[in-house]
1. Which of the residues spanning segment 302-330 are surrounded by 15 or more Cβ atoms within 10 Å (Cβ to Cβ), on the phi < 0 side of the Ramachandran plot and either under 19 Å from the mean Cα position of the chain (by Cα) or assigned to a loop (DSSP other than H, G, I, E, B) (or both)?
2. For segment 288-338, give me the residue count where each residue is more than 22 Å from Tyr277 (Cα to Cα) and of a type outside the set (S, T, N, Q).
3. Residues of segment 38-60 being part of a loop (DSSP other than H, G, I, E, B), small (Gly, Ala, Ser) and under 17 Å from Ile122 (Cα atoms), which ones?
4. Any residue at all in segment 273-287 that's surrounded by 22 or more Cβ atoms within 10 Å (Cβ to Cβ), modelled with pLDDT of 80 or more and within 20 Å of the chain's Cα centre (by Cα)?
5. Does Ala252 count as closer than 25 Å to Thr209 by Cβ, touching a Leu at 6+ places or on another chain (Cβ under 8 Å), without any contact (Cβ under 8 Å) to a residue 40 or more places away in the chain and assigned to a helix (DSSP H, G or I)?
6. When only residues in segment 1-34 that are at pLDDT 70 or above and of a type in the set (Val, Ile, Thr) count, which is surrounded by the fewest Cβ atoms within 10 Å (Cβ to Cβ)?
7. Could you grab the pairs with beta carbons closer than 7 Å, sequence gap of 6+ or different chains, first residue in segment 436-451 and surrounded by 10 or more Cβ atoms within 10 Å (Cβ to Cβ), second one of a type outside the set (Val, Ile, Thr)?
8. Taking segment 38-57 only, how many residues are over 17 Å from Asn23 (Cα atoms) and modelled with pLDDT under 85?
Amino acid sequence: MTRESFERFLTEQKEICERLFKNGIEVENATKVNEEMLQCPPAFDGLLCWPRTLASRIATLPCPPKSILGSVYDPLTSSTPPFNDSFEDWNDESNSNESTTSAIASKTCLANGQWYKNAESISWSNYTLCLLANNRRITASNELRAAHRWKYEKFGNTSLLGKWLPIIKTVSQIGYASSFATLLVAMIVFTVLRKLRNPRNRLHMHLFTSFIMRAFMALLKESVFVDGIGLAWDIVIVDGNSVFIKERNTWACKIITSMWQYFIVANYAWILMEGLYLHNLIFLALCTDTSAITSYIFLGWGLPGLVVVPWIIIRATVEDTLCWTTHHNPSLFLIVRIPIVISILFNFLLFVNIVRVLLVKLKTSVHLQHKKMQYRRWAKSTLILVPLFGAHYTLFLGLSYQKDNHIELVWLFCDQLFASFQGAFVALLYCLLNGEVRAEARRAWKARRSKKDSLIPIHRDFLKISQNRARCNIRRRDFDELHSSDTPTRNLSSV
């Protein structure tokens, strides 16, 4: 079905409701007098126009065409198989003999002449039979599950999930917002304090950028996506749930999802670059030029493209469903998942090796006491970050493969907590609470104040000179005026 056909279908349904409402105004006024003739007024629920129905009756209508209905998202009960059918033309579908044409939708008119509303006070139409006939219910869950969709099985205890999922989602949003703001401040500090632009801090700025973009894309996706499955113009609310309209599915939401995936992978890549830089600085300081970070920059931003681009191609050709926020075939997401797991494990091994070698060197190099203290001071400030983003990810990898619902929920909470607040921790450890940065900030502030104070005497001298010049000009002008007034008198006396 084309988008024009889809819009025409909805327009026709709205016009039907308008005609029914206009034609039934007199009847509706009469029913208000006679309580026995109470009726529910015509109503448009976003897909179908429901006609005027007597109280305590159930209205029924044929299901919408298969391409119109799309897919319903239900985070707690969605578990039916995925859909991979093609999008036939609407006229072909409406004339087909599929089970969709024989299925019906229903809407209940209550005894008080009002359409039935669910617990959330939303007018509710029953499209269950239509959905079962189409076999089109999404197996996805919300954004938090989608962030880890490579391994997230359906909870058996849906009440437990329904209780904690909003809390986890709120914590994640607060964490990403905090990280975004803190990292921006850290980037401004590094930009203003030019003396801190050494290779190590320039590498940190790239790491900050990856965290900023990851937080930004997470917040953007949360704000523009409805239920984590599509943009607002891709969604219609039916039965209190979000119905994905496939004909409106554009590349806009898929681009957002692809960028979101790219910056997640880029964040892990830059975490790995920090570990590699520290490792090379310790083990290869005598063999290579560790001040050059060009190769790290290319790897940090290039490797994620080599991972995400194949995933985009496969999604576009093999499983081009919804906005790519769900995976009906989890094995397809291994293209992204496996490189992330490898980077986590590799960085953890680097961390263990660095700590082991550092301890040995610090114990044996007694004659280089001063150099050792400087080296320890720098290594300590850098190593604090390595276990922060390495060790806990390794632990969470084990928890994510547990079958127990409670353990899996704990994993989801901890993973979202650390992933969202991690950017704030990085900004604090590497910049805002770093002794070197704070000392340079104080020095720059004092230099600015002293420069400002030194300009005050100069400004005063300039004012004095200006005032003296003004006085001289006034005296010269008075002298000229006096001289000009004496000239006529002299001329008269000479006559």
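1. Pro304, Val308, Ile312, Glu319, Thr321, Cys323, Thr325, Thr326, His327, His328
2. Total satisfying the criteria: 25.
3. Result: Gly46, single match.
4. no
5. yes
6. Thr11
7. Taking only residues 6 or more apart or on different chains, the pairs are Val437/Leu196; Val437/Cys431; Glu440/Leu193; Glu440/Lys195; Glu440/Leu196; Ala441/Leu193; Ala444/Leu193.
8. 5
The values are calculated or read from the model by the stated rules, or taken from the named source; none is laboratory data. As the structure is a computational prediction, the values presented were derived from the model and not from experiment. Every residue, glycine as well, gets a Cβ built from its backbone with ideal geometry; the counts of neighbours run over all protein chains shown.
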